[in-house]
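The values are calculated or read from the model by the stated rules, or taken from the named source; none is laboratory data. Computed from a predicted model, the values in this text were never measured in an experiment. Cβ atoms come from the backbone with ideal geometry, glycine included; neighbour counts cover every protein chain shown.
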Amino acid sequence: MGVVNVTPDSFSDGGLYASANKAVQHAKRLIDEGVDILDIGGESTRPGSEPVSVAEELNRVIPVIQALSDMNVAVSVDTSKPEVMRQAIEAGATMVNDVNALRAPGAIEVVKEAEHVLICLMHMQSEPRSMQRNPQYTDVVNEVMDFLRQRLTLLETEDISKKRLVIDPGFGFGKTLEHNLILLRSLDKFLSLGVPVLVGLSRKSMLGAITGNAVDYRIHESVAAALLAVIKGARIIRVHDVKATKDAFAVCAAVNDVV
């Protein structure tokens with residue numbers, strides 16, 4: 001899954017692809033690099049970020065999704081707003097990637113009606129603007145798993161097929177470095193929930209905390225983290241650097257047949 005942030009303030013590439021034209025050109029480069037899913041986002045969820053209006057988010061993402069809808073690549077919309085989900089699906093998105101796990105009023109109803117659309121449910125403690133203010137857990141793995149299990153169960157009661165669902169433990173979303181490392185070390189436990197696991201570790205501050213590298217210089221640690229996640233059972237890897245990650249996967253697959 002390749003990241004396309006149509007935002008001025010995302011933590012890594014904010015402002016680089018803030019116009020629809022630049023975002024589409026970037027998406028085409030990721031397609032050339034072999035991306036399987038393009039994740040289009042119009043609202044930053046970096047720590048401390050402020051929300052944007054529905055209208056602004058729609059203005060950012062809908063033209064991009066429309067432009068990519070006939071390019072023979074899956075398109076995901078990265079949003080927590082039901083109205084953005086609805087219009088993105090109408091524009092051609094076939095996946096909803098929600099950091100809020102469909103907790104906004106009306107979100108479940110939108111995706112329920114779109115039976116062809118996949119749904120990623122992510123765990124986040126608190127909200128983006130405050131999630132990194134002293135996050136606390138007694139048992140981070142079990143608490144994150146319990147939350148995701150509850151969301152999966154709820155959607156099943158809404159007659160949303162489990163075949164449509166993906167889970168994401170939410171690295172960096174209300175977690176300290178220690179929490180993130182424990183989650184990555186225990187990622188294989190999430191497979192017991194019976195749905196594919198999506199992981200987003202690319203260029204995140206947890207990696208910078210380990211290596212000391214600034215956000216624009218975290219490609220090596222991002223690829224290493226992606227490999228570790230796949231070895232632990234992740235099946236969708238959300239990345240900024242598609243070619244570097246795919247090349248690493250190819251080598252790993254040739255040796256261990258794990259990808």
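Scanning the range 81-137 for residues that are under 16 Å from the mean Cα position of the chain (by Cα), surrounded by fewer than 21 Cβ atoms within 10 Å (Cβ to Cβ) and among the acidic types (Asp, Glu) turns up just one, Glu127.
Conditions (1) at pLDDT 95 or above; (2) crowded, with 19+ Cβ neighbours inside 10 Å; (3) of a type outside the set (A, V, I, L, M, F, W, C), marked per residue:
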{"position": "Asn180", "(1), (2), (3)": "yes, yes, yes"}
{"position": "Phe190", "(1), (2), (3)": "yes, yes, no"}
{"position": "Pro196", "(1), (2), (3)": "yes, no, yes"}
{"position": "Ile210", "(1), (2), (3)": "yes, no, no"}
{"position": "Ala226", "(1), (2), (3)": "yes, yes, no"}
{"position": "Arg235", "(1), (2), (3)": "yes, no, yes"}
{"position": "Asp247", "(1), (2), (3)": "yes, no, yes"}
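Within the range 151-177, residues that are without any contact (Cβ under 8 Å) to a residue 12 or more places away in the chain have Cβ atoms under 7 Å from residues that are in a helix (DSSP H, G or I) in these pairs: Glu156/Lys162, counting only partners at least 6 apart in sequence or on another chain. Taking the numbered list (1) of a type in the set (A, V, I, L, M); (2) out of contact with any Pro (no Cβ under 9 Å at 6 or more places or on another chain); (3) within 22 Å of Ala93 (Cβ to Cβ) in turn, Leu177 passes all entries but (3).
Within the range 77-100, the set of residues being in contact (Cβ under 8 Å) with a residue 40 or more places away in the chain and under 16 Å from Lys112 (Cα atoms) comprises Val84, Ala88, Ala93, Met95, Asn97.
Within the range 193-224, the set of residues being under 15 Å from the mean Cα position of the chain (by Cα) and under 30 Å from Leu155 (Cα atoms) comprises Pro196, Val197, Leu198, Val199, Gly200, Leu201, Ser202, Lys204. For first residues located in the range 233-254 and touching a residue at least 60 places away in the same chain (Cβ under 8 Å), partners that are surrounded by 14 or more Cβ atoms within 10 Å (Cβ to Cβ) and part of a helix (DSSP H, G or I) and lie 6+ apart or on another chain with Cβ distances below 6 Å form the pairs Ile237/Ala226; Val239/Thr245; Val242/Leu30.
Quick one: is Ile160 under 19 Å from Ile108 (Cα atoms), at pLDDT 95 or above and in contact with a Lys or Arg (Cβ under 9 Å, 6 or more places away or on another chain)? So Ile160 passes the test. Based on this model, can you work out whether Val242 counts as under 30 Å from Asp146 (Cα atoms) and surrounded by 16 or more Cβ atoms within 10 Å (Cβ to Cβ)? Spelling it out, it is not the case that Val242 is under 30 Å from Asp146 (Cα atoms) and surrounded by 16 or more Cβ atoms within 10 Å (Cβ to Cβ).
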